[in-house]
1. If we keep just the residues of the stretch 272-290 that are within 8 Å of the ligand (Cβ to nearest atom) and open to solvent by 10 Å² or more (accessible area, probe 1.4 Å), which is farthest from Q192 (Cα to Cα)?
2. Is it true that V269 is open to solvent by less than 10 Å² (accessible area, probe 1.4 Å), within 14 Å of the ligand (Cβ to nearest atom), aliphatic (A, V, I, L, M) and in a helix (DSSP H, G or I)?
3. Taking the options K119, K79, K101, name whichever one is in the same structural domain as R203 (by TED's automatic domain parsing) and surrounded by fewer than 20 Cβ atoms within 10 Å (Cβ to Cβ).
4. Between a first residue in the stretch 311-333 that is more than 11 Å from the ligand (Cβ to nearest atom) and a second residue that is aromatic (F, W, Y), which pairs have beta carbons less than 7 Å apart while being 6 or more apart in sequence or on different chains?
5. Within the stretch 190-206, can one find any residue that is in contact with a strand residue (DSSP E or B) (Cβ under 9 Å, 6 or more places away or on another chain), within 14 Å of the ligand (Cβ to nearest atom), assigned by TED's automatic domain parsing to the domain that holds R156 and modelled with pLDDT under 95?
6. List every residue pair whose Cβ atoms sit under 9 Å apart, with the two residues 6 or more apart in sequence or on different chains, where the first one lies in the stretch 261-272 and is closer than 11 Å to L283 by Cβ and touching a residue at least 24 places away in the same chain (Cβ under 8 Å) and the second, anywhere, is surrounded by 20 or more Cβ atoms within 10 Å (Cβ to Cβ) and aromatic (F, W, Y).
7. Among the numbered conditions (1) modelled with pLDDT of 95 or more; (2) among the aliphatic types (A, V, I, L, M); (3) in a helix (DSSP H, G or I), tell me where I230 comes up short.
8. Has the stretch 247-266 got any residue that is more than 9 Å from the ligand (Cβ to nearest atom) and touching a Ser or Thr at 6+ places or on another chain (Cβ under 9 Å)?
Amino acid sequence: MLQEFLDQLSDWQTKATAALESVETLEALMSFQSEFLGKKSALQTFLKQIKDFSPEEKRAAGPAVQSLQQFIRDGFATKQSVLETAALEARLAEDWLDTTKSLPRVQGAMHPLSHVQYKIEDIFTRMGFQIADGPEVETEWNNFDALNIPPTHPARDMQDTFFVDRQHEDSRQNTVLRTHTSNLQIRSMLEQGAPLRLIAPGRVYRNEELDATHDAVFYQFECLVVDEGISMAHLKGTIEKFLEAFFEKPVKFRFRPGYFPFVEPGLEVDIWFEVPGKPGKWLELLGAGMVHPEVLKNCNIDPDKYSGFAFGLGLTRLAMMTYSIDDLRWLNQPKVDFLSQF
Ligand code: FA5
């Protein structure tokens, strides 16, 4: 009986060896595992049969079943490792990416606002203006007080402000997100004195009601000229020459009286704006005026000797007009489909 049992084990070992040899996939290996090592496998039957043997026979039958079990387990583990390595290699071969090869070409492009800014800078540098730059987190004093807008002045409400720090008594210590690029008037005059001829493009922030022509984050550029004998004629001429150079043709625009505490007199310029398929309309493009004597004084410039003009132009609105964009909020969104049109 023992010999018959040992023969069965040997037959089973031959069968398992052949079965394992024919296994070529991990799925097939799993079937092999359940057939030869699982709970319902012949191996379990062999283990159960051991108890029917005499104690002496058990000493031969037990180790024989254990060694069969170990043989099958070893065969399984070796095959598993071979198949897994092969599967990994196959996947790596498939997933391989040539990082030196360029991906499908997505052509980068300059943002329309940058286009407009560079064009403006180009026009003004050709007219002999310098380009100034300053911080977006500005002192309350540079953004308001020095521009003749004291704390109680209603004009502060004209530009709803994002305050960064307003806990100090001294407005030179409080900070705001600048509401306009006019802060660069103050910074430049304090740093360089007169005479002065500059533009300062940059991002500004207002706590605005948003619509197609108003964003909370938008771009302006400031233009400032201070010298002896500067008059409204210089202001008007500069705006006219700039708009003509920018649009590369005569542009329909109009001057209107406007109020800004830092200029006297003050005016606004509207430009005729048309988008194909929609009726044209006047759109406010810039605020301007002759620099207020108080502002010159705040910047240690003698208003009896020097005069100046300044204007602040909505660069974002200029981009709208340039590219016939009917809602300026598009310009601040990371939408590649939209941006790749330019
Ligand atoms: C000013 O910001 C003044 N600092 C301009 C100025 C400078 C006047 C120098 C006199 C001398 P205003 O708030 O009007 O003014 O803004 C100027 C331009 O920015 C507007 O004409 C408009 O073109 C643009 N603008 C204003 N608010 C928004 C907004 N929410 N979104 C987009 N563009 C705006």
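The values are calculated or read from the model by the stated rules, or taken from the named source; none is laboratory data. What you see is a predicted model; the values in this text were computed from it and never measured. Because the Cβ atoms are built from the backbone with ideal geometry, glycine has one as well, and the counts that use them run over all protein chains shown. When the accessible area is computed, the model is the full protein with side chains, heavy atoms only, and any ligands, DNA or RNA have been set aside. Shrake-Rupley method; radii C 1.70, N 1.55, O 1.52, S 1.80 Å.
1. L283
2. So V269 fails the test.
3. That would be K119, the only listed residue that is in the same structural domain as R203 (by TED's automatic domain parsing) and surrounded by fewer than 20 Cβ atoms within 10 Å (Cβ to Cβ).
4. Once the first residue is more than 11 Å from the ligand (Cβ to nearest atom) and sits in the stretch 311-333, its partners that are aromatic (F, W, Y) give Y323/F342; W330/F338.
5. Yes: one or more hits.
6. V269/F311
7. The number of the failed condition is (3).
8. Checking the stretch 247-266: at least one residue is more than 9 Å from the ligand (Cβ to nearest atom) and touching a Ser or Thr at 6+ places or on another chain (Cβ under 9 Å).
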